Amino acid sequence: MARYLVIGGVAGGATAAARLRRLDEKADIIIYERGSHVSYANCGLPYYLGDVIRERNRLFVQTAAGFKNRFNIEARVGTEVTAINKKEKSILVKDLATGKISSSGYDRLVLSPGAEPVRPPIPGIDTDGIFTLRNVADTDRIKKHLHEKRPKKALVVGGGFIGLEMAENLRGLGIDVTVVEMADQVMANLDREIASEVHQQLASQGVELILKDGVISFEKTGNSIMTRLSSGREIEAGMVILSIGVKPDTKLAREAGLALGPRGGIAVNEFLQTSDPDIYAVGDAVEFTHPLTGQPVITFLAGPANKQGRIAADNIVNGNSKKYGGSIATAVAKIFSLTVASTGANEKMLKSSGIPYMASITHSASHATYYPGATQMSVKILFSPSDGTLYGAQIAGYDGVDKRIDVFSSVIGRGGNVRDLLEFDHAYAPPYSSAKDPVNIAGFAAENILDGLSRIIHWHEMTGLDLSSTVLIDVRTAGEFRMGTIPGAINIPVDDLRGRLDGIPRNKKIVIFCAVGLRGHVAARMMLQSGFSDVSNLAGGYKTYSLAMNNIPGTAVTCC
Ligand code: FAD
């Protein structure tokens, strides 16, 4: 009878253990989990804190007793594995309640220890009222603080998805929230123009966002915490959520002499086997090669952890037969009423990997605009300038973002091309989509760029325009023009343009823009076919430009 031990009993570990049982009814299977719960919903924790999920019990997908009853798996909560002896194929286990240490042998070991929040040595970081959020114990501590101290103001340090989900949930409890982020944008998985939509959403929900500023100290002042920022600004709040990132929990693996990868995660081969063939590792702690960039990556997401858990179990029971192809980190987050999602590589990743790319930005309706309730979504895609291979997609919108990002993920995952997007055969009825889905439209725009039918210019290139040699034409209506435009632009509405071409100098570079890029494309095609040779259209139009340049009236974004 084989003996399988699993370290870590949540996403990857619980999945691996259950699959091991489904494949090997006879095996002895034990999960060691140092927390007091197995298989709980980490992803639901912010929503429980915000009272969106009201019953604590709902967070527990499976219990230790449930594992025993259904799977005949022993899930030993409150036990920490403190050492692995690879040679003897055994582990040391500490019972956290009694302090008792015992040893346990294995045939195969699965590591799924997850990640731990980054806690830099900032003065005052251990002050009462400063929290990180990773597990149920953290959640209980935060909940208690919320109930007992009833803070009126909270500071969230870090603008990643956990920080922003917390900002939303705390705001939902009526708490004033400030988010401080060291970078010039939130959510590092997004490029600036898509992240700008999140900035705008936070402002519209009354969340103050401070960018390009970092915490230098915390100090207790009565019932509050005074946080000092490098800009000199001081923020007093009744609680602080520290969510400046996570790092793989590799202590055990490191001390056992297992190989780590260049990014500090546990190194695994395509079968999810560590440098010791009897030890497999999955989840947030492992490092693998990114399928697109070829660079080592760690993906801190539940989907990959679950999928890896299943593959590792298959390989343990059946021999190494299933390969893990890597993750393109498809992710989605709800930021108040906005949904943002990304898949594949973003510009930063492509640049740092030296991969040439082109980008297109389109703004499309979530469903037919004549059917009530349609909203606009911004879709950015990145692709190869030579063959159109799709590298990445990012979407911000209010409805239908999740289904579109999964389509892009599927195309990227199969090595697909932007031309595959054109032909994507989608389900259409007015309440759900349009005859041309936003995915198709992204494909049309990219194909026009690839085929040379459309030359585009991006928002960040606009500031470098030499207006003495460029004619900047706003082809929106006179009314739209009056509401705000790009400095130096003249207004020729697209419907008047054909009759006014003679007044436009042909020896100058022409840059056209409209609200979202569509009328601009029509105008650019008209001019190119009328003898103008150097005509560019602003990708995503004035909407993308103004969001990314952060000049939407009323935004509360402050940058030092
Ligand atoms: P975990 O699920 O974290 O499990 C690791 C477990 O190992 C821990 O319980 C730990 O106590 C235990 N452990 C570690 N070392 C030992 C030891 N030596 N002995 C015994 N036990 C040990 N991902 C998404 O894709 N979508 C989301 O919406 C999302 N939301 C999230 C929200 C929050 C608040 C958090 C914290 C995470 C969220 N994630 C989300 C990330 C997702 O939860 C993780 O990617 C996933 O849980 C990783 O699985 P894992 O098995 O590697 O680690």
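From the list 125, 91, which residue is touching a Lys or Arg at 6+ places or on another chain (Cβ under 7 Å) and not basic (Lys, Arg)?
Unique residue meeting the criteria: 125.
Select, from 255, 270, 234, 219, the only residue that is open to solvent by 50 Å² or more (accessible area, probe 1.4 Å) and within 11 Å of the ligand (Cβ to nearest atom).
One residue alone meets the criteria, 255.
Please verify whether residue 311 is among the aliphatic types (A, V, I, L, M), under 20 Å from residue 274 (Cβ atoms) and either in contact with a Pro (Cβ under 7 Å, 6 or more places away or on another chain) or within 16 Å of the ligand (Cβ to nearest atom) (or both), treating the condition exactly as stated.
Criteria met by residue 311.
Can you tell me which condition residue 83 does not meet? The list is (1) within 11 Å of the ligand (Cβ to nearest atom); (2) over 23 Å from residue 274 (Cβ atoms); (3) in contact (Cβ under 8 Å) with a residue 24 or more places away in the chain; (4) not charged (D, E, K, R), and all the others hold.
Single failed check for residue 83: (2).
For the range 281-290, does any single residue satisfy the condition of being more than 16 Å from the ligand (Cβ to nearest atom), open to solvent by less than 10 Å² (accessible area, probe 1.4 Å), part of a strand (DSSP E or B) and touching a residue at least 60 places away in the same chain (Cβ under 8 Å)?
No, because not a single residue in the range 281-290 is more than 16 Å from the ligand (Cβ to nearest atom), open to solvent by less than 10 Å² (accessible area, probe 1.4 Å), part of a strand (DSSP E or B) and touching a residue at least 60 places away in the same chain (Cβ under 8 Å).
Taking only pairs six or more apart or across chains, which ones have beta-carbon atoms under 8 Å, a first residue in the range 140-163 that is open to solvent by 100 Å² or more (accessible area, probe 1.4 Å), and a second residue that is in a loop (DSSP other than H, G, I, E, B)?
149/129; 149/223; 149/238; 150/238; 152/175; 152/238
Would you check if residue 252 is over 24 Å from the mean Cα position of the chain (by Cα), outside any strand (DSSP E or B) and under 29 Å from residue 46 (Cα atoms)?
So residue 252 fits the description; yes.
Within the range 436-484, restricting attention to residues that are under 15 Å from residue 363 (Cβ atoms) and among the β-branched types (Val, Ile, Thr), which residue is farthest from the chain's Cα centre (by Cα)?
456
Kindly list the number of the only condition in (1) more than 14 Å from residue 78 (Cα to Cα); (2) of a type outside the set (Gly, Ala, Ser); (3) within 11 Å of the ligand (Cβ to nearest atom); (4) crowded, with 24+ Cβ neighbours inside 10 Å that fails for residue 7.
Result: residue 7 passes all but (1).
Across the range 406-443, what is the number of residues that are without any contact (Cβ under 8 Å) to a residue 24 or more places away in the chain, out of contact with any Phe, Trp or Tyr (no Cβ under 8 Å at 6 or more places or on another chain) and not in a loop (DSSP other than H, G, I, E, B)?
Selection size over the range 406-443: 1.
Run down 93, 38 and say which single residue is within 13 Å of the ligand (Cβ to nearest atom), buried (at least 23 other Cβ atoms within 10 Å of the Cβ) and β-branched (Val, Ile, Thr).
Exactly one residue qualifies, and that residue is 38.
Given the conditions (1) touching a residue at least 24 places away in the same chain (Cβ under 8 Å); (2) open to solvent by less than 50 Å² (accessible area, probe 1.4 Å), report the number of the one that residue 52 does not fulfil.
The failed condition is (2).
What is the one condition in (1) within 16 Å of the ligand (Cβ to nearest atom); (2) in a loop (DSSP other than H, G, I, E, B) that residue 241 does not satisfy?
Answer for residue 241: the failing condition is (2).
So is residue 92 outside any loop (DSSP other than H, G, I, E, B) and touching a residue at least 60 places away in the same chain (Cβ under 8 Å) or not?
When the stated conditions are applied, residue 92 does not pass them.
The values are calculated or read from the model by the stated rules, or taken from the named source; none is laboratory data. Owing to the predicted nature of the structure, the values given are computational and were not obtained by experimental measurement. A quick note on method: Cβ atoms are made from the backbone with ideal geometry, for glycine too, and the neighbour counts reach across all protein chains shown. SASA here: full protein model, heavy atoms, side chains in, ligands and nucleic acids out. Shrake-Rupley method; radii C 1.70, N 1.55, O 1.52, S 1.80 Å.
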